[in-house]
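Heads up, the thing below is written out as structure tokens.
Derivation of every value follows stated rules applied to the coordinates shown; laboratory data play no part. Note that the structure is a prediction, hence the values are computed from the model and not measured. Cβ atoms come from the backbone with ideal geometry, glycine included; neighbour counts cover every protein chain shown.
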Amino acid sequence: MTAIAINLNGRRFEADVSPRTQLAELLRDKALLTGTHLGCEHGICGACTVLVDGAPARACITYAVACDGADVVTVEGLDDDPLAAELRAAFREQHALQCGFCTPGMLITARDIVARLPGADSDRIRLELAGNLCRCTGYLGVIQAVKQVVDARGEVAPLLPAERLGPVGARPCAQAVAPPTPIATTPETVAKVAPVPVASAPTDGPAPQHALARSLAVTAPVDAVWAQFADVVALSRCLPGAEFGAPDAQGVLHGRLHVKFGPVRAAFEASARQTTEPAERRGRLVGQGRDRLTGTRVTAEIAYALHAADADTRVDIEVRYGLSGRLAQFARGALAERFADRLTADFAYNLERLLAGAPPDATAPAADGLWARLLKWLRLSNT
Ligand code: FES
Ligand code: FES
């Protein structure tokens, strides 16, 4: 993880990010500025466009670490910007949006066009907007809205040099954006979960880049829960979709993790090794898996510690995981945090069934519908 600080909508914002963290991920998941939309995540659709050092940039293909020290302005940062206000009014008048998904990126780009190209005609506006895709409204209203603002401003000097585009971050921010309204988000929202020290990282597979920590309460004495944790094969059945056999001669567990995520189905061939410290009632599982169909690889390190809480037990679980391949896009922070909450609930439910002598319930009682499918994905990505 790397500590970075950016000037985000006029306020200093600090975060610890991994080398592969997208700027969009930082903005949405850590700064909670969800006005920056993610469509294609390949730099094609323009929904994620923000200003970096005054120039439009694709937040989906811009690494957050590359923005250390930069000025970043999102659509939220344009609330008090006069030019953006003119554009918002024109978008309304010209019916330039329908669902609005593309609109944040459209507004950022439109603002850049008006600032850079006074007097631009419709053809030039169309050309400049070519990198912003809209899937429901069409482009006529957007072009008319930008043209309306260009025409209303008349023959004025450009706010920004016409040749100013790219490479992003190569020049200081122009004085074109009005001071933004401070955002409510604070740096304290960053990195809720501290990285877990790793004693024995796997030698193969992607490096763990994401961290989660959860606690669950189990209504059973700590000794009984610890005894159950020692039977890791039985314990693995608390995660629906997991099938593990007894450890081999080297103490390595082998099995399969079945994933169903919407239309995506995957079966990870997985292996894991458990180490325990009985005196401390804590242990660690380090494992990895590979799905041949999607080419996705997962590495996970799960540390757990049991604590007596009156007659019950508190179980602290810390997970670090890394994904590579086609399914890696589902590992983003806020999404994973929500899944982890569900995972904790289901795991606790099944653990209590196990302790009561009942078989684990493979049908995920705490989840339903889409959440159930997403939860199953997280279960497996965390294992
Ligand atoms: S989400 Fe960034 S360009 Fe599509
Ligand atoms: S208004 Fe819906 S995608 Fe553009």
Give, as a single signed number, the net charge of other residues whose beta carbon lies under 13 Å from the beta carbon of Q228, with Lys and Arg counted +1 and Asp and Glu -1.
0
With charges only on Cβ, +1 for K and R and -1 for D and E, what is the dipole size of the range 101-160 about its Cα centre, in debye, rounded to 20?
160 debye
Starting from the Kirkwood Rh over alpha-carbon pairs, what translational D in µm² s⁻¹ does the range 79-160 have by Stokes-Einstein at 37 °C and 0.692 mPa s?
266 µm²/s
Would you mind counting up the charge near Q148? Only other residues with Cβ under 14 Å from its Cβ, with Lys and Arg at +1 and Asp and Glu at -1.
+1
Protection proxy ranking of 287-299, 124-136 - average other beta-carbon atoms within 10 Å, highest first:
287-299, 124-136
Could you point to the residue in P221, A242, V252 farthest towards the positive end of the range 216-299's charge dipole, with +1 and -1 charges on the Cβ of Lys/Arg and Asp/Glu respectively?
A242
